[in-house]
1. Which of the numbered conditions does Val399 fail, given that it passes all the others? Conditions: (1) in a helix (DSSP H, G or I); (2) open to solvent by less than 70 Å² (accessible area, probe 1.4 Å); (3) among the β-branched types (Val, Ile, Thr).
2. Tell me, please, whether a residue that is on the phi < 0 side of the Ramachandran plot, surrounded by 10 or more Cβ atoms within 10 Å (Cβ to Cβ), at pLDDT 85 or above and among the hydroxyl-bearing types (Ser, Thr, Tyr) can be found in segment 94-102.
3. List the residue pairs whose Cβ atoms are under 8 Å apart, where the first residue sits in segment 69-97 and is closer than 22 Å to Leu107 by Cβ, the second is of a type in the set (Phe, Trp, Tyr), and the two are 6 or more positions apart or on different chains.
4. Checking Leu307 against (1) of a type outside the set (Gly, Ala, Ser); (2) over 15 Å from Ile216 (Cβ atoms); (3) touching a Pro at 6+ places or on another chain (Cβ under 6 Å), only one condition comes out false. Which one?
5. Considering every residue within segment 152-167, establish whether at least one is touching a helix residue (DSSP H, G or I) at 6+ places or on another chain (Cβ under 6 Å), crowded, with 16+ Cβ neighbours inside 10 Å and not acidic (Asp, Glu).
6. Quick one: which residue in Arg306, Arg321, Arg376, Arg269 is more than 27 Å from Gln236 (Cβ to Cβ), of a type in the set (Lys, Arg) and out of contact with any Ser or Thr (no Cβ under 8 Å at 6 or more places or on another chain)?
7. Mind listing whichever residues of segment 384-401 are at pLDDT below 90 and over 28 Å from Met232 (Cβ atoms)?
8. Do we have Ala237 as free of Cβ contacts under 8 Å to residues at least 60 places away in the same chain and open to solvent by 40 Å² or more (accessible area, probe 1.4 Å) here?
Amino acid sequence: MQSKPYNHSHHMDTSTLSQPSTTPPSPRDFAGRVDRFWRRVTDGLALNQLWSQFRTDARASYKMYSREIDPTRDEGVRKGRHYFNLAKQFFWAILEKLSPARRVLLLLALLLILFNPEVSWTASGGARETLNVSLAALGGLLMFVLLIMEVTDRVVMKRDLQIAREIQMWLLPSHPPQVPGLEIAFGTRPANTVAGDYYDIFARPSGGEAKKTFLITVADVAGKSIPAALLMATFQASLKTLSSTRCSLAQLVDGMNHYACSNSQDGLRFTTAFVGEYDAASRTLIYINAGHNAPILRRGSGSVERLDVGGLPLGIQSDARFGDSVVKLEAGDWLAIFTDGLVEASNDREEEYGEERLISAMQAGATLPPQQVLSRVMVDLDAFIGDAPQHDDVTCMLVRAS
């Protein structure tokens, strides 16, 4: 038998397997790792964006805690004592936001960090040695444990809020319907994950299936976040249920008011609303303004009207009466329906965005599609607000008669 020739390409020096590489990473590799780490931490945000985000978060946090602080300086109290009292109030405002167990954990961690006690052990034996250990590191570890607990709560809450937001967005229309004679655009920007603003346009049977009108609604529940979002859902449910019955617009709003009063906590959770019913055949809009910001009707001639006929917000008074009014939408007319979060949005100088800027946007874009004008309004709003935090939900609906 002929032996096979030895293949040198299969030979491997086994000594290289038992000795790990001692070659240090090159400066380029190290810089790449640092860059990847930094991008993962910052989500790719630039330093100015991080600083802007920090300022916004810090202002929002201070505003929440400062609500429980009385800044009044009592007569005869020295300035140093007054500042100490303010610091004490601020500390308790933070502490009371935690559960009792976490309060104890925070206090213990602060005591260990601030006073830095030491524990000594003396080893007995041939040579007596004493070991001194500082407990400040233990305080830092307890603080880290507390941080992990708070982050866990935040993650769980964020997940639940995201689910609530998805449900809420399902309640709102994603695209405007086809309404004869009208071009429509709408958009919303919640101040928190979920919002208390509501908007909708949908067909409503009126006088039989052969003739349909369209309900146009924008509403704003008092408050923000989860409580307002829950009441917004009840508003949507009552509107959809009552609109399916054959009743006048006044009867519909009256029924919604009765329903809102049963869920408003004695008027504390009221809802402002603009509800209109558009008849495409006659191009007329009958509307009721229940304490809402008066929509702006900009005529093709350039004149401006306010749609302010109605009554009290829904949920305040069960026997309230609501008046209605009728306007005719001619070709070239613009109608802007919005919540107070738009016109009352303020910048760092406490200046409000105002209705005049919205009117100017409609006049400048009179020949443009509503969606393009709405995009311009939102860009202009962002430029006006700058780094100031958003305090309220922003919703705007633009309608152009064609």
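The values are calculated or read from the model by the stated rules, or taken from the named source; none is laboratory data. What you see is a predicted model, and the numbers here were worked out from it, not measured in a lab. Ideal geometry is used to build each Cβ from the backbone, glycine not excepted, and the neighbour counts take in all protein chains shown. Please note that ligands, DNA and RNA were not included when accessible areas were found on the heavy atoms of the full protein model with its side chains. Shrake-Rupley method; radii C 1.70, N 1.55, O 1.52, S 1.80 Å.
1. Failed condition: (1).
2. Yes: segment 94-102 contains one or more residues that are on the phi < 0 side of the Ramachandran plot, surrounded by 10 or more Cβ atoms within 10 Å (Cβ to Cβ), at pLDDT 85 or above and among the hydroxyl-bearing types (Ser, Thr, Tyr).
3. Within 8 Å, the pairs are Ile69/Phe90; Phe90/Tyr65; Ala93/Tyr65; Ile94/Tyr65.
4. Result: Leu307 fails condition (2) only.
5. Keep residues of segment 152-167 that are touching a helix residue (DSSP H, G or I) at 6+ places or on another chain (Cβ under 6 Å), which gives none.
No: segment 152-167 contains no residue that is touching a helix residue (DSSP H, G or I) at 6+ places or on another chain (Cβ under 6 Å), crowded, with 16+ Cβ neighbours inside 10 Å and not acidic (Asp, Glu).
6. Numbers: Arg306 fails: more than 27 Å from Gln236 (Cβ to Cβ); Arg321 fails: more than 27 Å from Gln236 (Cβ to Cβ); Arg269 fails: more than 27 Å from Gln236 (Cβ to Cβ).
Only one candidate passes the filter, namely Arg376.
7. Gly386, Asp387, listed by residue number.
8. Numbers: free of Cβ contacts under 8 Å to residues at least 60 places away in the same chain: yes; open to solvent by 40 Å² or more (accessible area, probe 1.4 Å): yes.
Against the criterion (free of Cβ contacts under 8 Å to residues at least 60 places away in the same chain and open to solvent by 40 Å² or more (accessible area, probe 1.4 Å)), Ala237 qualifies.
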